[in-house]
1. Check residue 425 against each of (1) surrounded by 19 or more Cβ atoms within 10 Å (Cβ to Cβ); (2) within 16 Å of ligand 1 (Cβ to nearest atom); (3) assigned to a loop (DSSP other than H, G, I, E, B); (4) at pLDDT 95 or above and name the one condition it does not meet.
2. Tally the residues that are within 16 Å of ligand 2 (Cβ to nearest atom) and either out of contact with any helix residue (DSSP H, G or I) (no Cβ under 8 Å at 6 or more places or on another chain) or under 20 Å from residue 59 (Cα atoms) (or both), restricting the search to the range 145-158.
3. Only one residue in 239, 255 is assigned by TED's automatic domain parsing to the domain that holds residue 307, at positive phi and either in a loop (DSSP other than H, G, I, E, B) or within 16 Å of ligand 2 (Cβ to nearest atom) (or both). Which one?
4. Pick from the range 153-174 the residues that are closer than 21 Å to residue 230 by Cα and buried (at least 21 other Cβ atoms within 10 Å of the Cβ): which of them is nearest to the chain's Cα centre (by Cα)?
5. Got a sec? Which helices (runs of 4 or more DSSP H) wholly within the range 258-311 have at least 2 residues that are touching a residue at least 60 places away in the same chain (Cβ under 8 Å), away from ligand 1 (no atom under 14 Å from the Cβ) and surrounded by 14 or more Cβ atoms within 10 Å (Cβ to Cβ)?
6. Which of the residues spanning the range 222-250 are more than 16 Å from ligand 1 (Cβ to nearest atom) and either under 18 Å from the mean Cα position of the chain (by Cα) or within 15 Å of residue 421 (Cβ to Cβ) (or both)?
7. Evaluate the following for residue 192: is it surrounded by 15 or more Cβ atoms within 10 Å (Cβ to Cβ) and either within 16 Å of ligand 1 (Cβ to nearest atom) or more than 24 Å from the chain's Cα centre (by Cα) (or both)?
Ligand SMILES: Nc1ncnc2c1ncn2[C@@H]1O[C@H](COP(=O)(O)OP(=O)(O)O)[C@@H](O)[C@H]1O
Ligand SMILES: O=C(O)[C@@H](O)C(=O)COP(=O)(O)O
């Protein structure tokens, strides 16, 4: 059996978000952490999401790791490769959405790449090329304060044009609404005008079904979970995949201690931490102290956690409000602070697992990447959905610790997300 769909995600939360969407649509989906080191049994698998930590690294490195993933996915039979980016288009003028899309396009001789971060289930819509987060344009949303890639422009044609030498066209909503033929014709038109990519508007899932049906005709596409939804539906509609029942597998409870680690500074995560503070013990780490004495702070956090783990779930967070994040950005070592904080949280995760934690929730994409890497987990099977874009993950047995995880994108989930997650992670 060969793969129907290959996906490359630029971070680990994004990968589990996409894997969740594909699984809910009926594709038998596995998430790998990087490329599998050994031969990987793909029998019965329709889609693989290769999770990379490539969103905030130098563009050349992101291109190299994404190309390697694409080569592997195509060798497994994937006829289409989806480059999964963030639904809030997290990137800088240096990349990495443009450079990676360029490279994947070139290596598969794909004349045109459909690009859309729309994901209506989480309020991400694109209209006339402008990205909205619920009711506000991207540049007025909490993403304007992101510690690594603050987003100051909602116009994605402009944003992407700064990242690539190829022309970036626009397919407006009225064309998508008119259906697959109109969309194909418009893509051919923008291609004839010299564009190699096009931002495609989408407001409702029905638009993503149209976009997925058309995008499947190309070798590569770039987008968030909404595009995954459209591609999955098109694969089933075309008969290339037989729809699976996502609820068919029942799993034994995991047991063990439960803990939550938060490194996201998003508005949603800050609110979720406040709500959890009324339900269980919370340790708020001080970023300045963490940066000054990482080892000491990690040891202190673990000394705080160990005696409490037996009594129920606890939460440890470095998360801070925008003014504190901005203050840190003024430091001379600002370029490396995010990474250092991630590594400290990863070390705490390692200590928690050594102390018997088997159910771990991580808030934040980069943070999740650091934690999963530190734990040596090589992949996940996809469990029930906790909230839009966040599934329960079961570490693939025999590789890394046996455990349940939830990798929450900073901005996803309702205010009671942590309790919702723990209920589904027995
Ligand atoms: N108090 C803090 N001040 C500044 N940056 C922080 C703080 N706490 C965590 N960070 C960093 O902010 C970044 C958050 O990114 P990420 O984990 O991807 O969250 P999100 O999912 O919200 O994007 C990480 O690099 C993290 O280490
Ligand atoms: O598409 C999305 O919004 C998410 O899947 C995603 O990529 C999240 O990234 P982080 O907010 O950095 O976790």
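1. Failing condition for residue 425: (2).
2. If we filter the range 145-158 for residues that are within 16 Å of ligand 2 (Cβ to nearest atom), which is where we start, we get 145-151, 154, 156.
Filter again for either out of contact with any helix residue (DSSP H, G or I) (no Cβ under 8 Å at 6 or more places or on another chain) or under 20 Å from residue 59 (Cα atoms) (or both), leaving 146-151, 156.
Matching residues across the range 145-158 total 7.
3. After ruling out the rest, the residue left standing is 255.
4. Per the stated criteria, the residue is 156.
5. Per the criteria, 267-276.
6. Quick first cut of the range 222-250, residues more than 16 Å from ligand 1 (Cβ to nearest atom) only: 222-223, 226-250.
Result: 222, 223, 226, 227, 228, 229, 230, 231, 232.
7. No, not satisfied.
The rows are residues; the columns are (1) more than 27 Å from residue 21 (Cβ to Cβ); (2) within 8 Å of ligand 1 (Cβ to nearest atom).
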position: 334; (1), (2): yes, no
position: 337; (1), (2): yes, yes
position: 366; (1), (2): no, yes
position: 374; (1), (2): no, no
position: 382; (1), (2): no, no
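The values are calculated or read from the model by the stated rules, or taken from the named source; none is laboratory data. Here the structure is a predicted model, which is why all the values come from computation and not from measurement. Glycine also receives a Cβ, built like all others from the backbone with ideal geometry; neighbour counts cover every protein chain displayed.
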